[in-house]
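Worksheet: the structure to be examined is printed underneath.
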Amino acid sequence: MKKYIVSIVLLTNLSLVALGQQPFVLKGETINVSSPYVYLGYRSGDGSKHTLDSVKIENNAFVFKGKIDEPVMAYLYLDRSGRSVDDPNAVSFYLEPKKMSIRLERDKFKEGLIKGSKSQDEWAKLNVEKNVIRKEMEPVLEEYGRLNKRYMDADAELKLLEAKVKKLKEEAYDYRENFTPFNDRLAGLDVEFIKKNPNSYVSSFLMQFMTTGADLAKIEGLYNGLSDQIKNSGNGREIAEKIQGIKNGSPGSKAFEFEATDINEKELKLAAFKGKYVLLDFWASWCVPCRKGNPHLIDLYTKYKSKGFEIIGVASDDRSQAAWHKAVDQDKIGIWRHVLSGLKFENGEFDRSKSISDHFGISTLPTKILIDPDGMIVGRYASGSETDTELDKKLAEVFGAQ
């Protein structure tokens, strides 16, 4: 009994193998076709193997021969370099393991006469029924095409408008340089007043605004010249905190080892970057000079990444996260890690308990802080401090000029 069962299984398997080796012959006739070759592509029944065959057209005729295990959808065409479903000299049809014929006229392949395939006959009959519905659908397709074109045109206009707005924004920002001589004179009057009036509350008020992008030695010198009474005032204590923050984020200090969730919802720890040079880029989506500097940062990252250089963007976009994501995408700076500054605004007040910027004394954007492999700050590059030129020199010094 067991031998009988085994024999049946063997016979069944042999039958399946035989079925998988069935030949087909496709004879073709062409009308007004000048191309020397015709191509036939098809997959095996399970889709695991793709076959592409070609034969020469001779005396307006061709013959394809092969083997398939079951009826499969095939694609016959003239132009091998530009296959397209809209190609008038291409047609798809069911190829069966038997003798078939196909009659094709140039630019009318889809109207070709195909004989010998039961599956193709079924497919053709189904398409006749579908074509009735497709004909009824044409006005809907036409209206969709019109509406979609309106959308695409509007989208193109929007992109042009966005580019124009960006350019105008940058032009307006650059024009601010014309304020510099006036602002310098105004600042000179403030400095003169503070030096002459160390016991005035006005002096401490003026110094609040001078810490933004100020030279540390200059602001600390002015602060030290204030009277104890003014140093202990509300503004005086705030200035002392800002000075300490700038010191904490200046060369010679150990970098604050912050932890945060990055733009991709992954945990980021500064401590995990030990052994590498890390540039903290304090920026924002709305900051014009920050965005203008991103192409240069990409160049630096590309140049030194393989040598142990990393960038972490710290964005002041805590209340505009959509703009943050968009800016990272637009400027193509997602190649390095990104976190938010950690400044929160709740119940009408700022919560600075987790502000990364405060730990590094950030008062102006952009500001870049370079940290060495031991976690020590070795460079601070901001307005009123060292420039990007110094950053380039420092990196060339660290990694070697290329």
(message) Yes or no: the stretch 138-161 includes at least one residue that is among the polar types (S, T, N, Q), in a loop (DSSP other than H, G, I, E, B) and open to solvent by less than 100 Å² (accessible area, probe 1.4 Å).
(response) no
(request) For the stretch 327-353, name all the residues that are surrounded by fewer than 16 Cβ atoms within 10 Å (Cβ to Cβ) and under 26 Å from Met210 (Cα atoms). (result) Lys344, Phe345, Gly348, Glu349, Phe350, Asp351, Arg352, Ser353
(message) If I ask for residues that are open to solvent by 40 Å² or more (accessible area, probe 1.4 Å), in a helix (DSSP H, G or I) and in contact (Cβ under 8 Å) with a residue 12 or more places away in the chain, which ones from the stretch 210-230 would you list?
(response) Leu216, Glu220, Gln229
(message) Restricting to the stretch 107-131, give me the number of residues that are under 45 Å from the mean Cα position of the chain (by Cα) and not in a helix (DSSP H, G or I).
(response) 2
(message) Let me confirm something: among Asn197, Asn183, which residue is modelled with pLDDT under 95 and either open to solvent by less than 100 Å² (accessible area, probe 1.4 Å) or among the aliphatic types (A, V, I, L, M) (or both)?
(response) Asn183
(request) Quickly run through the stretch 84-112 and pick out the residues that are farther than 18 Å from Thr30 by Cβ, in contact (Cβ under 8 Å) with a residue 12 or more places away in the chain and open to solvent by 50 Å² or more (accessible area, probe 1.4 Å). (result) Tyr94, Lys98, Lys99
(request) Can you give me the ranges of the strands (runs of 3 or more DSSP E) entirely in the stretch 280-380 with at least 1 residues that are under 18 Å from the mean Cα position of the chain (by Cα) and hydrophobic (A, V, I, L, M, F, W, C)? (result) 309-315, 337-340
(request) Select from the stretch 73-83 the residues that are surrounded by fewer than 19 Cβ atoms within 10 Å (Cβ to Cβ) and part of a strand (DSSP E or B) and list them in ascending order. (result) Met73, Tyr75
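The values are calculated or read from the model by the stated rules, or taken from the named source; none is laboratory data. All values derive from a computational prediction rather than experimental measurement. Positions of Cβ are generated from backbone atoms using ideal geometry, with glycine treated the same way; all protein chains shown enter the neighbour counts. The protein model used for the area step is the full one, side chains on, heavy atoms only, and it has no ligands, DNA or RNA in it. Shrake-Rupley method; radii C 1.70, N 1.55, O 1.52, S 1.80 Å.
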